[in-house]
1. At R0 = 51 Å, how high is the FRET efficiency between residue 33 and residue 113 if r is their beta carbon distance? Nearest 0.05 is fine.
2. At q = 0.09, 0.13 Å⁻¹, what log₁₀ I(q)/I(0) does a Debye calculation on the Cα points of the chain give, no solvent, two decimals?
3. For the chain, give the magnitude of the charge dipole about the Cα centre (Cβ charges: +1 Lys/Arg, -1 Asp/Glu; no others), in debye to the nearest 20.
4. Which one of 58, 107, 153 has the biggest mean-square fluctuation once the chain is modelled by GNM with Cα springs under 10 Å?
5. From Cα pairs below 8 angstrom and at least 6 apart in sequence, can you work out the relative contact order of region 84-254, rounded to a whole percent?
6. What aspartates and glutamates sit close enough to residue 178 to cross-link, taking a C-alpha to C-alpha distance under 13 Å and skipping anything fewer than 8 places away on the same chain?
7. Under 8 Å for C-alpha pairs, at least 6 residues apart: give me the relative contact order for region 9-76, rounded to a whole percent.
8. GNM on the chain, C-alpha springs below 10 Å: top fluctuator among 197, 121, 183?
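No value in this document is a laboratory result; all are computed from the given coordinates. Small disclaimer: the values here were computed from a predicted structure and weren't measured. Cβ placement follows ideal geometry from the backbone for every residue including glycine, while neighbour counts extend to all protein chains displayed.
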Amino acid sequence: MDASFKPVPAVSKCLAILRLLDTEVGQGMSLSAIAARLSLTKSHCLMILRTLLAEGWLTYDAERQRYGLAPSLLLDLAATIRRHDRGSVVQDILARLAEDIGLPCLLSRVNADGSFSCLHRVQGGHGLVINVAIGQHYPADAPAQMRARLAALSEEDAEAQLQAMPLRAYTGATTTDKAAIRREIAEARRRGFAVGRMEYLEGIGSIATAIADGGGQPGLVLQCTGPQAAMAPREEELGAAILAAAARIAVAWQLH
């Protein structure tokens with residue numbers, strides 16, 4: 001983007017309001033609360049809210065005096081997504097994620113045997129490059145991807161698959177003790193994402209989360225990778241970014 005470019009303030013504020021209300025689904029927010037959270041004057045905030053109401057993108061509960069996102073906004077967004085190729089939408093989400101976190105990101109398909117195949121990948125910023133080809137295969141026991149996939153299954157199914165899975169030590173740091181892996185899977189369920197710490201490639205860490213298919217089973221795995229020393233202090237930050245991107249990919253994937 002041109003360094004001299006300056007966003008239009010009204011548009012930026014409008015988008016900020018929509019993003020804020022998206023965090024309060026089912027609850028809504030009052031004019032005062034929205035204005036305070038976004039550091040807007042109440043009069044200016046009210047003008048934007050009324051415009052969004054007129055366009056059908058917001059609802060207003062007069063009794064509770066709260067604004068919320070309207071279903072028509074979601075329908076408009078869904079129609080937009082359908083008009084675009086799913087691959088380009090997903091690639092754009094990955095590109096934004098990689099740019100935001102400065103790390104390479106890839107999306108893999110979960111195969112019938114539990115292994116993984118790369119569908120999309122984007123290099124991160126700061127000169128960091130991963131040599132992953134589209135279609136590249138990862139084994140079912142690739143640590144971060146495997147834990148993310150099993151964490152998305154029921155405990156019973158995950159345990160049965162873990163028991164039957166042969167585990168290899170890809171590096172000196174690879175965990176092959178199944179009791180320890182059970183703890184990692186439980187932690188992945190709690191956090192929403194799994195972590196591999198130099199367990200597949202020397203010195204490289206990975207954070208991954210599964211994305212459910214139409215039947216509720218893990219059909220995709222989204223992950224970012226990078227130097228473990230740089231990723232370790234950012235696990236929560238990176239995990240949150242991965243989860244947010246995964247939610248957007250899930251919508252795009254299921255609308256096509």
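1. Rounded to the nearest 0.05, the efficiency is 0.50.
2. Log10 of I(q)/I(0), two decimals: -0.50, -0.91.
3. Values: 26 positive and 26 negative charges, 114 e Å.
So the magnitude is around 540 debye.
4. Its mean-square fluctuation being the largest, the pick is 58.
5. Values: 316 pairs, mean separation 39.5, N = 171.
The value is 23 percent.
6. 141, 159
7. 33
8. It is 183.
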